[in-house]
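Data block below; observations after.
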Ligand code: WT7
């Protein structure tokens with residue numbers, strides 16, 4: 001493997017292993033150890049079995065259409081409505097059941113039943129229809145974690161329109177780019193969001209974005225904080241007003257299984273984010289079946305995925321998977337440290353949460369905050385734990401199991417991506433023996449391999465590229481508007497295999513160890529950010545001549561963004577300029593993309609062909625001895641940068 005090679009010889013784990021707890025194994029949703037071979041022997045039949053758990057308006061004619069790879073299609077000829085699967089079909093038996101125990105950051109609470117949610121979704125769907133949103137329409141959503149966010153998503157699904165949710169931490173620029181690429185005609189947003197006691201000016205950002213997105217005719221604004229907002233008559237409408245005026249009767253449109261349900265933008269190796277396209281039938285099949293199996297969902301479970309709906313984790317495991325399964329979930333609006341650092345444990349105790357799913361970066365933060373915080377709460381209801389977003393180190397895994405899971409609850413380390421739509425590699429709670437730090441293996445119906453440069457499977461214990469060598473229902477269908485980029489990015493490196501972009505090693509026991517990204521994509525707090533996107537934002541600043549960005553290992557966030565910047569001639573760099581550069585990146589992309597450190601340097605290490613050698617910058621950032629420097633054209637610059645990197649103060653938020 002070339003630049004960005006994951007640690008191929010990562011340490012073999014020889015620590016403790018954990019068998020499934022007896023009580024979990026006894027009543028598990030999946031309890032047949034032959035499930036993997038049964039699914040592998042008839043992969044398509046397995047997925048048809050999962051799809052049959054949904055309500056179809058008309059049955060599919062063909063389960064997998066692989067006539068034109070890699071443009072695979074699932075359940076063709078079948079029709080269904082995703083919102084009806086998430087809501088209507090539960091009404092007769094569990095209309096009064098709570099869908100969301102919603103909790104606002106300031107402490108306000110609301111229990112929303114399936115019947116409540118159904119009513120509000122129908123009304124809002126009619127309101128969207130009145131704004132011209134029809135089957136095949138496009139709606140952008142830019143909100144915080146309020147109930148109106150899933151309501152807006154499901155209203156789109158009910159009409160057969162597609163949504164794109166833009167995470168509330170993104171900037172106006174990022175929102176505008178996504179709305180334009182998506183072709184949105186309506187935006188749903190809110191006045192302000194709450195985060196760590198502060199107001200996030202969502203509508204102000206949205207207004208700035210709308211200036212650059214002429215295709216968006218209307219902005220529907222949810223009132224959350226009640227703060228003052230600018231208003232443009234004719235364009236802006238209050239969510240509560242249009243909802244109140246709309247009729248509650250709203251038939252769910254039967255949609256083709258392959259109809260786009262949503263696109264979600266994610267960072268790639270070039271500056272332009274990719275609109276990952278997910279469909280209705282295949283996506284819901286994947287999200288619902290994995291949610292039920294991986295978390296061993298039972299009727300009396302209280303499930304909490306402490307992620308944001310603005311990312312794929314929230315789409316699949318706060319909204320679509322749990323609702324399709326008729327689950328009762330907790331949904332929390334705000335930050336984990338507000339008003340105190342035990343907020344999450346207080347919530348988990350109040351609702352008697354039994355399944356908890358979160359990112360390693362959060363787990364490591366809680367570790368840092370101290371054992372006494374969870375210890376002060378009764379977390380005895382927790383039965384199953386989940387982790388997602390990045391590799392979880394064994395120490396954090398053990399801490400999670402001990403301090404949150406009472407030393408009992410098994411940890412499901414779930415590997416997947418925006419592109420895969422649902423969990424791909426994970427243990428099953430009733431069957432898998434766990435090794436902390438390993439994601440166990442591919443789920444039933446999924447086939448994943450580790451291959452070398454030549455595309456051939458590498459022997460056990462050796463690192464290589466993770467590929468998926470059979471299509472699966474919740475896979476992305478394309479990159480919106482760019483089929484060629486879809487083929488190039490995922491399917492061209494190894495013919496017939498989906499390239500995940502992660503390094504991986506399978507140990508002699510068949511367990512998979514994820515080794516991090518192999519491309520110029522960083523993973524900061526479980527979110528993918530492209531180095532090039534941040535470099536473009538830096539170079540956009542008038543003081544900057546050139547910039548290189550790398551992810552440096554960080555004990556809490558997984559990776560931290562380290563930037564190296566060359567200034568234009570005549571510009572003097574100082575602390576104020578560094579602060580300004582960081583703010584500039586926040587304005588261009590969002591606060592999540594702010595570099596943790598910026599080193600001003602007279603030059604960047606380059607190959608003779610002029611390619612920036614990010615690998616060396618990573619070495620420098622992590623205070624490692626430099627790797628191979630034989631292709632380096634300007635050797636003197638690296639030691640100069642190394643000196644600067646150790647003397648320059650790191651700027652952290
Ligand atoms: C990338 C996908 C899928 C939801 C959140 C992130 C990394 C994700 C794991 C895990 C090791 C993981 C990979 C992957 N990743 N889960 N359990 N172990 N790495 O979605 O933003 O699409 O990022 O996150 O590098 O490629 P995403």
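Multiply the residue gap between residue 634 and residue 97 by 0.36 nm, knock off their C-alpha separation, and tell me the result in nm, one decimal place.
Length difference between fully extended and current span is 186.7 nm.
Going highest first, how would you order 411-417, 130-136, 468-474 by mean Cβ packing within 10 Å?
In descending order of packing, they fall as 411-417, 468-474, 130-136.
State the Cα centre-to-centre distance between the stretch 282-304 and the stretch 478-539 in whole Å.
Cα centroid to Cα centroid, the span is 26 Å.
Measure of size requested: the Rg and Dmax of the chain, with Cα atoms as the atom set and Å as the unit; please supply both.
Calculated on Cα positions, Rg and Dmax stand at 24.1, 73 Å.
Which FRET efficiency, nearest 0.05, do residue 130 and residue 380 yield, Cβ-Cβ r, R0 41 Å?
0.25
What order do you get for 157-168, 518-529, 67-78 when each peptide is scored by the mean count of other beta carbon atoms within 10 Å, highest first?
Answer by packing, highest mean first, reads 157-168, 518-529, 67-78.
Counting only DSSP beta bridges with both residues in the chain, what percent are antiparallel, rounded to the nearest 5?
60 percent
Can you give me the distance in nm between label points at residue 402 and residue 340, each placed 7 Å from the Cα along the Cα-to-Cβ direction?
Reported label-point gap for residue 402 and residue 340 is 2.4 nm.
For the stretch 114-253, what is the largest minus smallest coordinate of the Cα atoms on each principal axis, given in angstrom and ordered from greatest to least?
Principal extents (largest minus smallest coordinate, Cα): 37, 31, 26 Å.
May I ask for log10 I(q)/I(0) of the stretch 87-158 at q = 0.12, 0.18, 0.28 Å⁻¹, from a Debye sum over the Cα atoms as equal point scatterers with solvent left out?
-0.36, -0.75, -1.23
To the nearest 0.05, how large is the calculated FRET efficiency for residue 62 and residue 456 if R₀ is 22 Å and r is the Cβ-Cβ distance?
0.10
At 0.36 nm per residue, minus the direct Cα-Cα distance, what do residue 38 and residue 553 gain on full extension? Give it in nm, one decimal, please. Let's see the in-between values first.
Values: separation 515, 0.36 × 515 = 185.40 nm, distance 4.02 nm.
Full extension from residue 38 to residue 553 adds 181.4 nm.
Quickly rank 446-456, 586-596, 117-127, 283-293 as a protection proxy: mean count of other C-beta atoms within 10 Å, highest first.
283-293, 117-127, 586-596, 446-456
On a full-extension model of 0.36 nm per residue, what is the gain between residue 519 and residue 368, subtracting their alpha-carbon distance, rounded to one decimal in nm? Can you show the working numbers first?
Working: separation 151, 0.36 × 151 = 54.36 nm, distance 2.97 nm.
Taking residue 519 through residue 368 to full extension adds about 51.4 nm, to one decimal.
I want the antiparallel fraction of DSSP beta bridges within the stretch 525-647, as a percent rounded to 5.
Percentage antiparallel, nearest 5: 75.
Only counting other Cβ atoms within 10 Å, I'd like 238, 304 sorted with the fewest neighbours first. Don't skip to the end; give the middle numbers.
On the way: 238 14, 304 26.
Starting with the residue having the fewest Cβ neighbours, the order is 238, 304.
FRET efficiency for residue 31 and residue 643, Cβ-Cβ distance as r, R0 = 56 Å, nearest 0.05?
Between residue 31 and residue 643 the formula returns 0.40.
Taken together, the values in this text are just the output of simple stated rules run on the coordinates, not laboratory data. Owing to the predicted nature of the structure, the values given are computational and were not obtained by experimental measurement. Cβ: placed from backbone, ideal geometry, glycine included. Neighbour counts: every protein chain shown.
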